[in-house]
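Visitor: Structure in structure tokens, see below.
Just so it is clear, none of the values below were taken in a lab; they were calculated from the coordinates. Just so we're clear, the structure is a prediction, and the values are computed from it rather than from any experiment. Don't worry about glycine lacking a Cβ; one is built from the backbone with ideal geometry, like all the others, and counts go over all protein chains shown.
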Amino acid sequence: MIPRFLTNLETTFSVTIMVWVSNYASIAIVVAVTNTTNGDGSNFNLYPKQNETWKQNHWERKGAEKITITWAGGKTTTFTIQKDDRVVVWDEAYGVEPNVVTTAV
């Protein structure tokens with residue numbers, strides 16, 4: 001038998017297939033993720049030291065997509081990401097943590 005408190009917790013969580021982007025740069029960045037597998041294809045501004053939120057920092061996707069990051073000043077990079085990747089952006093670099101499943105609470 002599953003304890004009642006675990007049953008209640010399970011209904012509270014929502015697992016989504018998504019990309020999460022964190023801005024650790026000292027300047028604003030603009031992030032665009034293609035939407036061939038799902039989601040919104042708009043550009044999103046991520047500001048430095050901004051509180052990360054589900055609404056602002058995640059893009060729901062179901063497969064490989066292209067991400068474009070543009071730093072204030074015009075420096076741009078585009079690369080392929082997968083559905084559960086986490087992208088971390090700094091002033092002059094970025095990193096990709098593969099397969100980081102994120103759960104909303």
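Visitor: Highest mean first, how do 78-86, 45-53, 18-26 rank when packing is the count of other Cβ atoms within 10 Å averaged over residues?
Guide: Descending mean neighbour count gives 18-26, 78-86, 45-53.
Visitor: Same structure, new question: Could you run the Karplus curve 6.51 cos²θ - 1.76 cosθ + 1.60 with θ = phi - 60° over the stretch 65-70 and give me ³J(HN,Hα) per residue in whole Hz, x for Gly and Pro?
Guide: Per-residue couplings from phi come out as 9, 9, 10, 10, 10, 10 Hz.
Visitor: On to the next question. State the extension gain, in nm to one decimal, for the chain segment bounded by residue 96 and residue 78, taking 0.36 nm per residue of separation less the distance between their alpha-carbons.
Guide: Working: separation 18, 0.36 × 18 = 6.48 nm, distance 1.25 nm.
The span from residue 96 to residue 78 would gain 5.2 nm if fully extended.
Visitor: In terms of Cα to Cα distance under 18 Å, which lysines are near enough to residue 62, apart from those fewer than 8 places away along the same chain?
Guide: 83
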